[in-house]
Amino acid sequence: MKKNITINLCGRLFQIDEDAYELLQQYIESLRQSFGHEEGGEEIVNDIEARIAELFLELNQQGTEAITIEHVKDIITRIGKPEELKGEEEKNDGENGGHKYDSFRTAAQGFRENVRARTAGKRLYRNPNDKMVAGVLSGIAAYTSTDVTWWRIGYALLILASNFLFPLFGIWLNLGFFLHVNLAFIVFYFVLAIAIPVADTPKQVLQMEGKDVTPQNLADVVVEDKQPAQHRRGCLGSFFSVIISIFVGIFVGLAAIVGLVLLVCLLLIIVSLVVVFTVPSVGMTLPFDIDDLHLAELMSVHPWIVIAFIIGLLLALCIPLYAIAHMLFSKAGKVQPMGIGQRILWIVLWVASLCCLFPALVWIQEQEKEKYNELMREKYSYQGVMMSQQDKDFLRKGDWNLIKAENCAHYTYTGYYDGNHNLRFLDVYNENCEEVFQVERKEGVKPGIYRLDCVVRAEGPGPCVYAIGDSVRLESIPVYENLDGIPDMGWYDVSIDNIVVTGDSIAYGLSSDEDFTGQPCRAQWFSATDFKLTRTGDLPKQKK
Amino acid sequence: MNIENAKSQMRKGMLEYCVLLLLKHRPSYASDIIQQLKNAELLVVEGTLYPLLTRLKNDGLLQYEWQESTQGPPRKYYALSPEGEQFLEGLDAAWNELSNTINYLKTITPQLLEVKK
């Protein structure tokens, strides 16, 4: 099936296939270029045009409804190429041009000229006539006038060898993905396949091969059937031709679904953003947990990062949406497919938007994590020391003051000496006896003599209980005796008697701090509980 | 030098003369001339004729007038101008000479050459 258009040639209307029309136009244009600069040139071309109209008319009279490219090709052969019409065979003297480089020229210059000569006047297309997968390498080979076999071998080796080569670069560049570079090369191929358009028309085939777009060359392409045809497939592709066509259908369907999802996401996000920034205090749950990012708060602190995040997010959604819409429309023939420049531009823009979005998102989440940690610290710390909720509750309820708390695995424990497992008591543990711990409690009292009673135990020597009245009174905790099977193992009653208090308070506590107790701690653990202060008498009356 | 090239050179030289001959008796338009030349197996590509006609016209040897056609675009009918007729006479004479020369050279045999000596 071909697209058919109507043209007006010398006042007559003709139905003509689109490709035939293109060829005809090329032909007339080349005639014009050939004769244009001589006297009466325009007239000659007009006469030939009239002749073509006549021949078309003949065709119509013979029952041809639409002029095909074959007809135009016949007519061109009949009327002749511009060179034939000029009758002068201008011999190219290109033979004299040197392939040898002067000894003064550097190899680099030679190489550059070589490249320029090879790519001169060419455009990069995928080659539909010689392809394994999508014709990318074959197109590159045509562009560089090189043998496609070497490109294929090279690329295959690159994919295989990249695992061994790229870890070196990976370390150097600090790339995290080097394990997947062979995958990356495969993906790269498909990126190229998307970015580089396929040579669809005979004209593009010529541009790909770097030939002049002349009627004769166009006709050659058509006649030699180099013209891209849909039934040609790469030798790999031909195995899967049916599957591929199914996949194309599925792909288009999926693209439509993805596009729809993207559109819904985009709308939801836009609405959410509007909500977040206009009524931040509503505190309702928004889609994608956007509310959890607290954008409005961050906006006031680091506006640029939030703006980068939003722009990146919107672009990252809009670009694929646009691409999908464009693809669907171009499949439906409503719009022209994108050119290579446009595709590359969009891909670059999209990657840029991702590069904008993800660092910003990571940063924002980092902020949130920081905030969360802050919250956790508050929840699970007592006087600046991280501990379990139970430890914290116990210390707070007991009004204990943490003076030192280093290298402690826990601060309280259950398993009371009377067998009550719900009761907790002060208990510190470090398997290397490195715990440095001191808690203290202050009680307001009247002046007098006091006695402190408590129940304690320790795995080794060092830890002390103490009371501070007028002076510091220390009492070492006795090392426990392992009495297997007895619930109150190792507990001792300890008292500090005759604490003289002339002030209005007394402090007492538990310590394993060598600086305080004056003796090194050699206990893996120690415990204390049931501190009790008893007034035993008045202060001795002082003589005035 | 290949034969095709030589033939095309000869044709090119003769084409002008042939066209003038065709137009001697009645005015014709380009497609007519092409048909005639094709019948005479002289023309390879049709397009050659158009630059030639234009050149002859510009040299004043031909003149043309437009005529409506029943089945196509209006046609240019070419005819010899008085100068063209004169020119053709000149060419006729030249051709006769040339023809004689060729005929003579073609019929000549080694024996004749011997006699002349």
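The values are calculated or read from the model by the stated rules, or taken from the named source; none is laboratory data. No experiment lies behind these values; they were computed from the predicted model shown. Please note: Cβ atoms are built from the backbone with ideal geometry, for glycine as well, and neighbour counts cover all protein chains shown.
Could we say that B:Leu23 is on the phi < 0 side of the Ramachandran plot, away from chain A (no Cβ under 14 Å) and touching a strand residue (DSSP E or B) at 6+ places or on another chain (Cβ under 9 Å) here? Taking the combined requirement at face value, the residue satisfies it. Sub-7 Å Cβ pairs linking a first residue in segment A:289-306 that is under 15 Å from A:Trp363 (Cβ atoms) to a second residue that is among the small types (Gly, Ala, Ser) and crowded, with 17+ Cβ neighbours inside 10 Å, at least 6 apart or interchain, are A:Ile305/A:Ala360, ordered by first then second residue. Contact map, segment A:28-55: residues that are more than 8 Å from every other protein chain (Cβ to nearest Cβ) paired with residues that are among the polar types (S, T, N, Q), Cβ distance under 9 Å, separation 6+ or inter-chain. Pairs shown: A:Ser30/A:Thr214; A:Ser30/A:Gln216; A:Gly41/A:Ser34; A:Gly41/B:Thr54; A:Val45/A:Ser34; A:Leu55/B:Ser31.
Under the condition of being surrounded by 15 or more Cβ atoms within 10 Å (Cβ to Cβ) and within 11 Å of chain A (Cβ to nearest Cβ), the residues counted in segment B:73-88 number 4.
Give A:Asn420, A:Asn407, A:Asn432 a once-over and let me know the one that is assigned by TED's automatic domain parsing to the domain that holds A:Asp504 and over 55 Å from the mean Cα position of the chain (by Cα). Walk me through how you get there before you give the answer.
Details: A:Asn407 fails: over 55 Å from the mean Cα position of the chain (by Cα); A:Asn432 fails: over 55 Å from the mean Cα position of the chain (by Cα).
The unique qualifying residue is A:Asn420.
Checked against (1) within 14 Å of chain A (Cβ to nearest Cβ); (2) under 18 Å from the mean Cα position of the chain (by Cα); (3) of a type in the set (S, T, N, Q), B:Asn96 meets all criteria but (1). Does A:Ile28 satisfy being assigned to a strand (DSSP E or B) and either under 22 Å from A:Val205 (Cα atoms) or in contact with a helix residue (DSSP H, G or I) (Cβ under 6 Å, 6 or more places away or on another chain) (or both)? No, not satisfied.
Within the set of pairs 6 or more residues apart or between chains, which connect a residue that is under 17 Å from A:Lys131 (Cα atoms) inside segment A:177-196 to a residue that is hydroxyl-bearing (Ser, Thr, Tyr) and at pLDDT 75 or above with Cβ atoms less than 9 Å apart? Close Cβ pairs satisfying both conditions: A:Tyr189/A:Tyr155; A:Ile196/A:Tyr125. Sort out which residues of segment A:505-524 are part of a strand (DSSP E or B) and crowded, with 19+ Cβ neighbours inside 10 Å, and write them in order of number. Listed by number, the residues that qualify are A:Ile506, A:Tyr508, A:Gly509, A:Leu510, A:Ser511. Residues in segment A:380-434 that are among the aromatic types (Phe, Trp, Tyr) and in contact (Cβ under 8 Å) with a residue 40 or more places away in the chain: A:Trp400, A:Tyr413, A:Tyr416, A:Tyr417, A:Phe425, A:Tyr429. Restricting attention to segment B:50-72, the residues being closer than 24 Å to A:Leu55 by Cα and facing another protein chain (nearest Cβ under 7 Å) number 5. Being assigned to a loop (DSSP other than H, G, I, E, B), surrounded by 13 or more Cβ atoms within 10 Å (Cβ to Cβ) and either more than 8 Å from every other protein chain (Cβ to nearest Cβ) or more than 17 Å from the chain's Cα centre (by Cα) (or both) is the filter here; which residues of segment B:33-49 pass it? Result: B:Leu42, B:Leu43.
Here is the figure for segment A:34-61: residues that are exposed (fewer than 13 other Cβ atoms within 10 Å of the Cβ) and more than 20 Å from B:Ile34 (Cα to Cα) total 3.
Here A:Gln336 qualifies as within 24 Å of A:Ala134 (Cβ to Cβ), without any contact (Cβ under 8 Å) to a residue 60 or more places away in the chain and outside any helix (DSSP H, G or I). Residues in segment A:61-85 that are more than 57 Å from the chain's Cα centre (by Cα) and at the interface with chain B (Cβ under 10 Å from one of its Cβ atoms): 8 in all. Taking segment A:401-459 as the region of interest, the strands (runs of 3 or more DSSP E) fully inside it that hold 3 or more residues being touching a strand residue (DSSP E or B) at 6+ places or on another chain (Cβ under 6 Å) and surrounded by 19 or more Cβ atoms within 10 Å (Cβ to Cβ) are A:424-429, A:436-444, A:448-458.
Among the residues of segment A:327-374, the ones that are surrounded by 15 or more Cβ atoms within 10 Å (Cβ to Cβ) and among the small types (Gly, Ala, Ser) come to 2 in all. Before we move on, is A:Tyr372 at pLDDT below 90 and part of a strand (DSSP E or B)? It is false that A:Tyr372 is at pLDDT below 90 and part of a strand (DSSP E or B). B:Gly60 meets each of the listed conditions (1) in a loop (DSSP other than H, G, I, E, B); (2) under 26 Å from A:His37 (Cα atoms); (3) modelled with pLDDT under 85 apart from (3). Of the listed requirements (1) buried (at least 19 other Cβ atoms within 10 Å of the Cβ); (2) within 14 Å of chain B (Cβ to nearest Cβ), A:Ala20 misses just one: (2). If the condition is being over 29 Å from the mean Cα position of the chain (by Cα) and aliphatic (A, V, I, L, M), then segment A:141-157 contributes A:Ala141, A:Ala142, A:Val148, A:Ile153.
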